[in-house]
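First the structure, in the form of structure tokens, and then the observations on it.
Just so it is clear, none of the values below were taken in a lab; they were calculated from the coordinates. The shown structure was predicted, so the numbers you read here are calculated from the model rather than taken from an experiment. Please note: Cβ atoms are built from the backbone with ideal geometry, for glycine as well, and neighbour counts cover all protein chains shown.
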Amino acid sequence: MVTSDAGLLAYRELDDVLGLSAMASETLADARTGKNGRHALAGLFRQSVFGRLAGYEDVNDAERLRHDPAMRWIVGGKAAHGSEASPSQMGRFETQWLAALTDFSGRWIDLVHGRRPLRGIVLDMDSSVSPTHGEQENSIWNGHYACTCYHPLFVFNQFGDLERCALRPGNVHSADGWGDVLKPVFVRYQDKVSRIYFRADASFANPDVYEFFEAEQIKYAIRLPANRFYRTGSATCSGARSAAPRTKCVGSMAISPIRREAGPSRAE
């Protein structure tokens with residue numbers, strides 16, 4: 001049988017060297033019993049991760065991939081000589097077990113930084129949209145995105161690595177639960193780097209966020225929400241620049257975009 005995903009074999013070898021899947025399997029304890037527990041959770045984890053690495057984002061893709069020779073070898077175990085997990089098995093795994101891996105992306109990043117220590121870290125936080133096409137729990141209509149969806153929250157570092165995330169209902173505010181996502185990341189870096197910076201859009205411009213950063217002495221850049229005084233000042237600056245090109249005016253702070261679609265400032 002021919003495969004178009006042979007390039008994944010090199011990533012599996014890298015995974016074995018870094019021990020990423022092995023680290024995940026230490027947490028994923030397979031408590032299931034009976035004959036239906038055919039696929040070890042470590043194998044299911046590899047099937048989920050490597051399938052997305054190859055561009056197969058839907059669990060329904062498992063119907064074809066379960067017979068792919070490269071993917072069967074990557075998953076390992078019984079799959080190497082038979083077939084991988086079915087779409088229904090993958091759906092149950094990703095619903096019931098992946099939440100246990102919330103801290104793992106950070107642990108993997110720490111392995112890399114352990115070899116190349118950093119002096120400072122820049123954290124970017126933003127929400128995104130994950131459209132749904134069924135009746136999944138917490139899948140709710142979002143007026144901003146005009147779809148039924150989840151509204152996840154992400155924290156990335158300056159290298160584009162995902163530090164931590166949270167899957168949330170589709171109708172929550174962009175900043176909802178920001179502390180549960182950001183504060184554990186801050187704790188990880190608190191004694192490892194000398195400087196921590198934070199960037200976000202206007203959705204996170206609220207007193208609770210400001211007070212946290214001030215108390216922890218974290219430098220931050222958060223865009224201000226649009227308001228009457230802000231627009232008046234911007235118009236004044238625009239007029240000054242037209243009249244005198246060398247005049248310097250302070251406008252809105254440019255925030256480097258996160259590699260995700262920006263979330264709404266409030267759920268609609």
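Residue by residue through region 216-230, which ³J(HN,Hα) values in whole Hz follow from phi under the Karplus form 6.51 cos²θ - 1.76 cosθ + 1.60 (θ = phi - 60°), with glycine and proline marked x?
Calculated HN-Hα couplings, in order: 8, 6, 9, 6, 9, 10, 10, 5, 7, x, 5, 8, 4, 5, 5 Hz.
Contour minus end-to-end for VAL112 and ASN206, with contour as 0.36 nm per residue of separation and end-to-end as the Cα-Cα distance?
Details: separation 94, 0.36 × 94 = 33.84 nm, distance 3.34 nm.
Full extension from VAL112 to ASN206 adds 30.5 nm.
Can you give me the long-range amide H partners of VAL129? Hydrogens built in the peptide plane at 1.01 Å from N, cutoff under 5 Å, separation of 5 or more residues or another chain.
Excluding prolines and chain starts, which carry no amide H, the hits are GLU261.
May I ask you to evaluate 6.51 cos²θ - 1.76 cosθ + 1.60, the Karplus curve with θ = phi - 60°, for each residue of region 89-99 and list the ³J(HN,Hα) values in order in whole Hz, giving x for glycine and proline?
Karplus values, whole Hz, x for Gly and Pro: 5, 5, x, 5, 4, 5, 7, 9, 10, 5, 4.
Multiply the residue gap between ALA146 and ASP180 by 0.36 nm, knock off their C-alpha separation, and tell me the result in nm, one decimal place. Don't jump to the answer; show the numbers that get you there.
Values: separation 34, 0.36 × 34 = 12.24 nm, distance 2.69 nm.
This chain segment gains 9.6 nm when fully extended.
Order the peptides 133-142, 101-110 from the highest to the lowest mean number of other Cβ atoms within 10 Å of their residues. Show your work: numbers first, answer last.
Working: 133-142: 13.0, 101-110: 15.8.
Ranked by mean Cβ neighbours within 10 Å, highest first: 101-110, 133-142.
Work through the residues other than ALA221 whose Cβ is under 11 Å from its Cβ and net out their charges, Lys, Arg +1 and Asp, Glu -1. Show your work: numbers first, answer last.
Values: positive: ARG199, LYS219, ARG223; negative: ASP124, ASP201.
With Lys, Arg at +1 and Asp, Glu at -1, the net is +1.
Summing +1 for each Lys or Arg and -1 for each Asp or Glu, what net charge is found among the other residues whose Cβ lies under 12 Å from the Cβ of ARG12?
Working: positive: ARG46, ARG72; negative: ASP5, GLU13, ASP15, ASP16.
With Lys, Arg at +1 and Asp, Glu at -1, the neighbours total -2.
What nm value, rounded to one decimal, do you get for the distance between PHE159 and TRP73 when each label is placed 7 Å out toward the C-beta?
Placing both labels 7 Å along Cα→Cβ, they lie 2.9 nm apart.
State, as an integer percentage, the relative contact order of region 71-149 based on alpha-carbon contacts under 8 Å between residues 6 or more apart. Numbers along the way, then the final one.
Numbers: 31 pairs, mean separation 10.8, N = 79.
14 percent.
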